[in-house]
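Below is one structure, written out as structure tokens, with a few remarks after it.
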């Protein structure tokens with residue numbers, strides 16, 4: 001019989017020992033999300049981001065985030081079928097400053113506009129596209 005150390009016990013410590021549980025939210029900060037000046041209500045809500053640690057900066061993790069907000073929430077309006085996409089452009093202190101990124105309609109409004117067995121939906125407005133081509 002060879003005399004030696006029991007590697008399993010010295011390497012891992014106590015057999016069946018559990019790792020210390022760390023709450024993931026203890027490493028995160030809350031930031032306020034601000035809408036552009038064109039809207040009546042500037043404060044949209046809050047968002048979570050991991051704290052600055054080493055070379056990972058918290059503001060870099062926030063830039064480029066897209067928030068989808070109803071127009072009713074932004075303007076204190078009753079009409080709630082328009083949704084605006086706002087993208088984070090800049091971070092000042094604990095505030096995320098956003099910019100307009102796009103607009104969408106809610107699914108129920110979109111479905112009510114489109115009729116069954118129709119190939120296209122007619123829009124009674126003339127649209128000028130980015131390459132300046134008027135279309136009907």
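The values are calculated or read from the model by the stated rules, or taken from the named source; none is laboratory data. None of these values were measured; they are calculated from a predicted model. Every residue, glycine as well, gets a Cβ built from its backbone with ideal geometry; the counts of neighbours run over all protein chains shown.
Of all the numbered requirements in (1) modelled with pLDDT of 90 or more; (2) not in a strand (DSSP E or B), residue 88 misses one, and that requirement is (2). Scanning the range 61-81 for residues that are farther than 13 Å from residue 33 by Cβ, assigned to a helix (DSSP H, G or I) and either within 14 Å of the chain's Cα centre (by Cα) or touching a residue at least 12 places away in the same chain (Cβ under 8 Å) (or both) yields a total of 3. Every listed requirement among (1) in contact with a helix residue (DSSP H, G or I) (Cβ under 8 Å, 6 or more places away or on another chain); (2) within 30 Å of residue 23 (Cα to Cα); (3) modelled with pLDDT of 90 or more is met by residue 51 save one, (3). Taking the conditions (1) on the phi > 0 side of the Ramachandran plot; (2) in contact with a strand residue (DSSP E or B) (Cβ under 8 Å, 6 or more places away or on another chain) in turn, residue 93 satisfies each one other than (2). Between 129, 97, 105, the distinction of being more than 22 Å from residue 32 (Cα to Cα) and at pLDDT 90 or above belongs to 105 only.
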